[in-house]
Amino acid sequence: MSSEDATTAPRPVIGLTTYLERAQQGVWDVRASFLPQQYFDRIASSGGAAVLLPPQPSPGPAADVVLDRLDGLVLTGGLDVQPELYGAARHPSTDPARPDRDDWELALLRGARERGIPVLGICRGLQLINVAAGGTLHQHLPDVLGTDRYQLGGGVFARNEVSVSAGTMLSELVGTGSLTVSSYHHQGIDRLGDDLVVSARSGEGLPQAIESPGSDFLVAVQWHPEEEAADRRLFLGLVAAATEYAARR
């Protein structure tokens with residue numbers, strides 16, 4: 001491919017899952033698709049074209065239609081995954097159930113994996129991927145670890161250190177060893193899902209990133225890389241994988 005062809009090649013289309021939340025603007029007070037701008041800014045600055053994917057009333061059929069037009073998928077952060085999906089009783093600190101979003105994202109994830117579409121999971125996205133693979137979650141980490149350092153509250157992201165394992169897809173993207181990340185979560189992986197490997201941990205041994213050991217791109221992190229404007233390595237990796245997928249299909 002010539003340099004001219006490379007600069008004019010179509011950007012891969014990356015879908016980002018969203019909330020359906022109450023939104024107020026002017027005279028309007030309605031439910032709307034919502035996602036912080038940081039997510040699609042990181043996709044755009046990494047060479048992708050971002051499209052928002054709000055929950056759909058018929059998630060299975062809708063996911064099939066949507067995925068046929070996507071080159072990559074980001075399962076974004078948000079409220080807690082329903083504990084009923086992994087057979088656990090609800091903890092008092094667990095967010096109210098959002099079955100619309102859970103059902104939609106599970107359908108998207110299932111279809112993306114069937115097609116080999118690259119997937120990046122962020123925070124809640126990591127937890128959903130683990131649950132979809134048969135894993136479970138700690139519903140409130142302060143009960144388990146005795147610290148709230150992963151979720152300070154008030155919309156303030158905590159800064160924490162994770163250790164990235166050598167020989168993983170994650171290490172190919174961000175390097176091996178210590179990495180400082182932005183955290184905002186009170187849940188985490190308990191039992192690891194089937195056919196997943198842990199690619200980063202915190203000092204307590206808590207999984208902080210997981211991935212599929214196969215050839216398809218499936219990387220998920222417990223932190224919020226969209227908050228790091230100067231470090232787009234995860235998004236660059238996703239866009240590169242999406243570009244390869246688009247060229248194959």
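The values are calculated or read from the model by the stated rules, or taken from the named source; none is laboratory data. In this text, all values refer to a predicted model and were calculated from it rather than measured experimentally. No Cβ is skipped: glycine too gets one built from the backbone with ideal geometry, and neighbour counts run over all protein chains shown. In case anyone asks, the SASA skips ligands and DNA or RNA and just uses the protein heavy atoms, side chains included. Shrake-Rupley method; radii C 1.70, N 1.55, O 1.52, S 1.80 Å.
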### Task
Using label points projected 7 Å from each Cα along Cα→Cβ, tell me how many nm separate Arg149 and Asp100, to one decimal.
3.8
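About the Cα centre, and with charges only on the beta carbon of Lys, Arg (+1) and Asp, Glu (-1), how big is the dipole of the chain? Nearest 20 debye, please.
Working: 20 positive and 31 negative charges, 28 e Å.
The calculated dipole for the chain is roughly 140 debye.
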### Message
What distance in nm lies between label points placed 7 Å from Cα along the C-beta direction at Arg249 and Asp216?
### Response
1.1
### Query
Using 7 Å Cα-to-Cβ label points, what is the Ala32/His91 separation (nm, one decimal)?
3.3
### Message
Quick check: at a probe of 1.4 Å, how many percent of the accessible area of segment 92-214 sits on carbon and sulfur atoms?
### Response
49
### Message
Going by Cα centres, segment 51-80 and segment 144-209 are how many Å apart?
### Response
25
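Stokes-Einstein D for segment 198-249 at 20 °C, 1.002 mPa s, Kirkwood Rh over Cα pairs, in µm²/s? Before the final figure, lay out the partial values.
Details: Rh = 12.5 Å.
Taking Rh from Cα pairs, D becomes 171 µm²/s.
Below 8 Å between Cα atoms, with a sequence gap of 6+, how large is the relative contact order for the chain in percent?
Details: 496 pairs, mean separation 51.1, N = 249.
Averaging sequence separation for qualifying contacts and normalising by length gives 21 percent for the chain.
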### Protection-proxy order for peptides 182-195, 108-121, 84-97, 23-36, each taking the mean of Cβ atoms within 10 Å per residue, highest first
108-121, 182-195, 84-97, 23-36
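Suppose the chain between Val51 and Glu172 were pulled fully straight at 0.36 nm per residue; how much longer would it get relative to their current alpha carbon spacing? Could the numbers behind the result be given before it?
Details: separation 121, 0.36 × 121 = 43.56 nm, distance 2.65 nm.
Difference between extended and current length: 40.9 nm.
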#### Entry: Long-range amide H partners of Leu75 with built H, under 5 Å
Leu120, Gly121, Ile122
## Note on the structure
Applied in sequence order to segment 163-172, the curve 6.51 cos²θ - 1.76 cosθ + 1.60 (Karplus, θ = phi - 60°) yields integer Hz couplings, x standing for Gly and Pro, of 10, 8, 7, 5, x, 9, 4, 4, 5, 5
### Task
Using volume of the Cα convex hull per residue in Å³ as the read-out, say which of (i) 110; (ii) 119; (iii) 145 was calculated from these coordinates.
(iii)
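Want the number for Arg115 to Leu236: 0.36 nm per residue separation, take away the alpha-carbon distance, what's left?
On the way: separation 121, 0.36 × 121 = 43.56 nm, distance 2.08 nm.
Contour length minus Cα-Cα distance gives 41.5 nm.
For segment 8-127, just say rounded, prolate or oblate: build the C-alpha gyration tensor, square-root its eigenvalues into a ≥ b ≥ c, call rounded for a/c under 1.5, and beyond that prolate if a/b exceeds b/c, oblate if not.
Values: a/c = 1.76, a/b = 1.25, b/c = 1.40.
Oblate shape, in that a/c is at least 1.5 and b/c is the bigger or equal ratio.
So what is the relative contact order of segment 1-107, in percent, for Cα pairs below 8 Å that sit 6 or more residues apart? Please list the in-between numbers first.
Details: 128 pairs, mean separation 32.8, N = 107.
This gives 31 percent for segment 1-107.
Taking only protein heavy atoms and a 1.4 Å probe, what accessible area per residue, in Å², does the chain have with all protein chains in place?
Working: 11320 Å² over 249 residues.
Normalised by residue count, the accessible surface of the chain is 45 Å².
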